[in-house]
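**Student:** I have a structure here, written as structure tokens, and I will follow up with some questions on it.
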Amino acid sequence: MRCVVLWRQQAAGVLLAALAAAMPAAVRAQSGVTLYGIVDVAVEHVTDVGAQKSGLTRVPSLTGSLPSRVGLRGSEDLGGGLRAVFTIEGGFAPDQGTSTQGGRFFGRQTFVGLSGPWGTVSLGRQYTMLFWSLLEADIMGPALYSSGSLDAYVPNARADNAVAWQGRFGGWMLGATYSFGRDTVNAGGPAGTNCPGEAAADRKACRQWSGLVKFDSARFGAAAAIDEIRGGAGAFGGLVRSDLKDTRLSVNGYVRLAGHKLAAGFIRRDNDASATAPRSDLTWVGGSFPLGSLTVDAQLFRLDFRNSDNAAVLPALRGTYRLSRRTAVYGAVGFIDNDGQLALSVSGGGAGSAPVAGGSQTGVGIGVLHSF
């Protein structure tokens, strides 16, 4: 009897091995899905709002130190060095529990693609290459007081209906995107610019494209990117025809010294929708200084419109104290000084905080961030 039992166990093992060998590679492939997110809530006070120069205290909706989000990303090994990849990621306003990006449920990223030694090709709503070019060199990132206060497109460099390729080859990163209709949401401002495109009557309407060359190493890095969006009938921002373009060229770099980072860069913008001052330059210098559990970030921005009195200067300072690997508290302060007819707010936390034309204001915020 013992021999019969052993024989049956061995036979079963051989059968299972044979079945596994006969399975298609896609069935046996390993896959994984990761749930991740950030919840970042701040309280801020902004001075000199509007003609009354009143103070505004609020819990901002759009961002604190980083925009709040929740997402899923995953991949599947298809064999032969090929993988299927996907990401779905939605932004939300933690002060209200509502979706951001114009009410899109997965408005930050929603794409699927294939990845191999040659890079990744993906389709869906995705970051443009302007985003990837700034990832290391824009110290403050999409925070309350940052480059987004001077150019709202910078932290919102995404495109609907996009095909993207991105490849990493040693320290080099190359990439490109092309969108057949860059923004299908009618919400105004960076949340939605009402330019869906994909129209047979006008094949150029609402197209977007971008390209990137980037190099990163342990000691330094540099990047150059170009991002162009076209207009269409009814689009926001004055881009109401497909022959009108809004183009940004970014060049930046950084160095690491004794654990600290110093960075500088600029974005040249040529905006056909502006009849009086179509060309502008956004320049910055900054640094990030880790001091144990505390990290101090500082950055100075200047926005200058060519052949115009319009300009703005924005210095910003932030201190972040890590309570754990996932949880931090922070404080930030920013100041903006507008010249000419500019009335840009120091805060990128939400609408309704702009000063009078040519005015200045200060913003102070404190917050808590938890990532998972």
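The values are calculated or read from the model by the stated rules, or taken from the named source; none is laboratory data. Fair warning: this is a prediction, and the values are worked out from it, not measured in the lab. Please note: Cβ atoms are built from the backbone with ideal geometry, for glycine as well, and neighbour counts cover all protein chains shown. In case anyone asks, the SASA skips ligands and DNA or RNA and just uses the protein heavy atoms, side chains included. Shrake-Rupley method; radii C 1.70, N 1.55, O 1.52, S 1.80 Å.
**Student:** I'd like the full set of residues that are in contact with a Leu (Cβ under 7 Å, 6 or more places away or on another chain) and under 18 Å from residue 367 (Cα atoms), limited to region 127-141.
**Tutor:** Of everything in region 127-141, just one residue is in contact with a Leu (Cβ under 7 Å, 6 or more places away or on another chain) and under 18 Å from residue 367 (Cα atoms), namely 141.
**Student:** Which of the residues that make up region 160-184 are open to solvent by less than 60 Å² (accessible area, probe 1.4 Å), in contact with an Asp or Glu (Cβ under 8 Å, 6 or more places away or on another chain) and within 25 Å of residue 148 (Cα to Cα)?
**Tutor:** Those that are open to solvent by less than 60 Å² (accessible area, probe 1.4 Å), in contact with an Asp or Glu (Cβ under 8 Å, 6 or more places away or on another chain) and within 25 Å of residue 148 (Cα to Cα): 160, 161, 173, 179, 181, 182, 183.
**Student:** Filter region 48-81 down to residues that are part of a strand (DSSP E or B), without any contact (Cβ under 8 Å) to a residue 60 or more places away in the chain and surrounded by fewer than 19 Cβ atoms within 10 Å (Cβ to Cβ), then give me how many there are. Please lay out each step first, then the result.
**Tutor:** Restricting attention to region 48-81, the residues satisfying the condition of being part of a strand (DSSP E or B) are 48-49, 54-58, 69-79.
Keeping just the survivors that are without any contact (Cβ under 8 Å) to a residue 60 or more places away in the chain gives 54-55, 57, 69-79.
From what's left, surrounded by fewer than 19 Cβ atoms within 10 Å (Cβ to Cβ): 54-55, 57, 70-79.
So the count comes out to 13.
**Student:** Would you check which residues across region 82-94 are open to solvent by 30 Å² or more (accessible area, probe 1.4 Å), within 15 Å of residue 38 (Cβ to Cβ) and part of a strand (DSSP E or B) and list them?
**Tutor:** 92 - this is the single residue of region 82-94 that is open to solvent by 30 Å² or more (accessible area, probe 1.4 Å), within 15 Å of residue 38 (Cβ to Cβ) and part of a strand (DSSP E or B).
**Student:** Also, I was wondering about something else. Got a number for residues in region 95-130 being open to solvent by 40 Å² or more (accessible area, probe 1.4 Å), out of contact with any Phe, Trp or Tyr (no Cβ under 7 Å at 6 or more places or on another chain) and under 21 Å from residue 371 (Cα atoms)?
**Tutor:** 6
**Student:** Just to be sure I understand, how many residues within region 269-292 are within 19 Å of residue 338 (Cα to Cα) and in a strand (DSSP E or B)?
**Tutor:** Residues flagged as within 19 Å of residue 338 (Cα to Cα) and in a strand (DSSP E or B) within region 269-292 amount to 8.
**Student:** Quick check on region 243-293: of everything there that is open to solvent by less than 40 Å² (accessible area, probe 1.4 Å) and of a type in the set (Phe, Trp, Tyr), which residue is nearest to residue 197 (Cα to Cα)?
**Tutor:** Checked region 243-293; the qualifying residue nearest to residue 197 (Cα to Cα) is 284.
**Student:** Among the residues of region 351-372, how many are open to solvent by 20 Å² or more (accessible area, probe 1.4 Å) and either touching a Pro at 6+ places or on another chain (Cβ under 9 Å) or under 22 Å from residue 100 (Cβ atoms) (or both)?
**Tutor:** 8
**Student:** Taking residue 274 as meeting all but one of (1) over 23 Å from the mean Cα position of the chain (by Cα); (2) at pLDDT 95 or above, write down the number of the exception.
**Tutor:** Unmet for residue 274, out of (1) over 23 Å from the mean Cα position of the chain (by Cα); (2) at pLDDT 95 or above: (2).
**Student:** Which one of these does residue 212 not meet: (1) part of a strand (DSSP E or B); (2) without any contact (Cβ under 8 Å) to a residue 60 or more places away in the chain; (3) under 17 Å from the mean Cα position of the chain (by Cα)?
**Tutor:** Going through the list (1) part of a strand (DSSP E or B); (2) without any contact (Cβ under 8 Å) to a residue 60 or more places away in the chain; (3) under 17 Å from the mean Cα position of the chain (by Cα), residue 212 breaks only (2).
**Student:** Output the residue which, of all residues in region 29-40 that are open to solvent by 60 Å² or more (accessible area, probe 1.4 Å) and part of a strand (DSSP E or B), is farthest from residue 325 (Cα to Cα). Steps first, please.
**Tutor:** Residues of region 29-40 open to solvent by 60 Å² or more (accessible area, probe 1.4 Å): 30-31, 33-35.
This time we only want the ones that are part of a strand (DSSP E or B), so: 31, 33-35.
On the way: 31: 26, 33: 21, 34: 18, 35: 17 Å.
Applying the filter and picking the extreme gives 31.
**Student:** Which number in (1) farther than 16 Å from residue 136 by Cα; (2) modelled with pLDDT of 95 or more; (3) touching a Gly at 6+ places or on another chain (Cβ under 8 Å); (4) of a type in the set (Gly, Ala, Ser) marks the one condition that residue 293 misses?
**Tutor:** (3)
**Student:** List pairs: first in region 279-306 and over 21 Å from residue 249 (Cβ atoms), second open to solvent by less than 60 Å² (accessible area, probe 1.4 Å) and of a type in the set (Val, Ile, Thr), Cβ under 6 Å, 6+ apart or cross-chain?
**Tutor:** Taking only residues 6 or more apart or on different chains, the pairs are 288/139; 289/296; 295/320; 297/139.
**Student:** Also: Here is a list: 343, 332. Which entry is out of contact with any strand residue (DSSP E or B) (no Cβ under 9 Å at 6 or more places or on another chain) and modelled with pLDDT of 95 or more? Walk me through how you get there before you give the answer.
**Tutor:** Details: 332 fails: out of contact with any strand residue (DSSP E or B) (no Cβ under 9 Å at 6 or more places or on another chain).
Selected residue: 343, the only one of 343, 332 that is out of contact with any strand residue (DSSP E or B) (no Cβ under 9 Å at 6 or more places or on another chain) and modelled with pLDDT of 95 or more.
**Student:** Hey, can you tell me all the residues within region 229-258 that are of a type in the set (Gly, Ala, Ser) and closer than 13 Å to residue 273 by Cβ?
**Tutor:** 231, 232, 235, 237, 238, 242
Let's see how each residue does on (1) under 29 Å from residue 118 (Cα atoms); (2) assigned to a strand (DSSP E or B); (3) at pLDDT 95 or above; (4) among the aliphatic types (A, V, I, L, M):
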position: 161; (1), (2), (3), (4): yes, yes, yes, no
position: 168; (1), (2), (3), (4): yes, yes, yes, no
position: 224; (1), (2), (3), (4): yes, yes, yes, yes
position: 239; (1), (2), (3), (4): no, no, yes, yes
position: 243; (1), (2), (3), (4): no, no, yes, no
